[in-house]
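The values are calculated or read from the model by the stated rules, or taken from the named source; none is laboratory data. This structure is a prediction, so every number in the text was calculated from the model and none was measured. A quick note on method: Cβ atoms are made from the backbone with ideal geometry, for glycine too, and the neighbour counts reach across all protein chains shown. Heavy atoms of the whole protein, side chains included, go into the accessibility calculation; ligands, DNA and RNA do not. Shrake-Rupley method; radii C 1.70, N 1.55, O 1.52, S 1.80 Å.
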Amino acid sequence: MRSKKMILLIAVLALMALLLSNPAQAKNPLAFQEQVVWELSKAEVINPGEVIETEEGILHRGIVIEAKAKAKDVNQVPEGKFILTMDAFWPYRDLPAQDAGFWYIQGNWSISKKDAPAESLKVRHSPDVLKGHLKAQLTFNPMESNQPWSALATVPVSPALGRWSEGKGSLSFDSTFSGSLFLDLSRWLEIQ
């Protein structure tokens, strides 16, 4: 009897050690990885934003860019609309986590399916929209320079395109804001 309890305890400890050695599987063994790439074309500055001078630095806020998105491979959004809303900040002096001499870009982006119903696009967690964040540190303001640039793109844990998803990747732009969005996503079972 005592040896059976000991064997059971060892088996449980071995299983726990196995799960802890691979945290992704321990969190959700039903997740799968998916890499997606969209080409962004025909970009247009919908709103150039406004430039505000503050005591801390220069803030260029409310920039809105729209582009056509086309997936390189077949996925949840083969064609759609890409929208980026962002702000750019240039501090006059070193601030916590922001060094003088750089532009700090932060924003939100989304890709919505081409023929998505208008009602679907209005809901918070639409099965027709993928949303995420953008962050970059540049030596120039992308609204005032014709230089290509890249940013970190993230997708927070959220219901996206009908599945719980999370991921990160990059957004790369040329001087006209055309470019590509690459994401390495963790996706879970379909939302019921």
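Normalised per residue, the accessible area of the range 47-111 is 55 Å², obtained with a 1.4 Å probe and no contribution from ligands, DNA or RNA. Dipole magnitude for the range 75-149: about 220 debye, using +1 per Lys or Arg Cβ and -1 per Asp or Glu Cβ, origin at the Cα centre.
If the chain linking residue 47 and residue 139 were pulled fully straight, counting 0.36 nm for each residue of separation and taking away their Cα-Cα distance, it would gain 30.9 nm. Rolling a 1.4 Å probe over the protein heavy atoms of the range 71-192, with every protein chain left in place, gives an accessible area that is 52 percent carbon and sulfur. Debye-formula intensities of the range 84-192, expressed as log10 I(q)/I(0) at q = 0.12, 0.24 Å⁻¹, are -0.50, -1.27 (one equal scatterer per alpha-carbon, no solvent). Over the range 41-120, the Kirkwood radius and the radius of gyration, each from Cα atoms, give a ratio Rg/Rh of 1.13.
Sorted largest first by accessible area at a 1.4 angstrom probe radius, with every protein chain in place, the residues 109, 188 fall in the order 188, 109.
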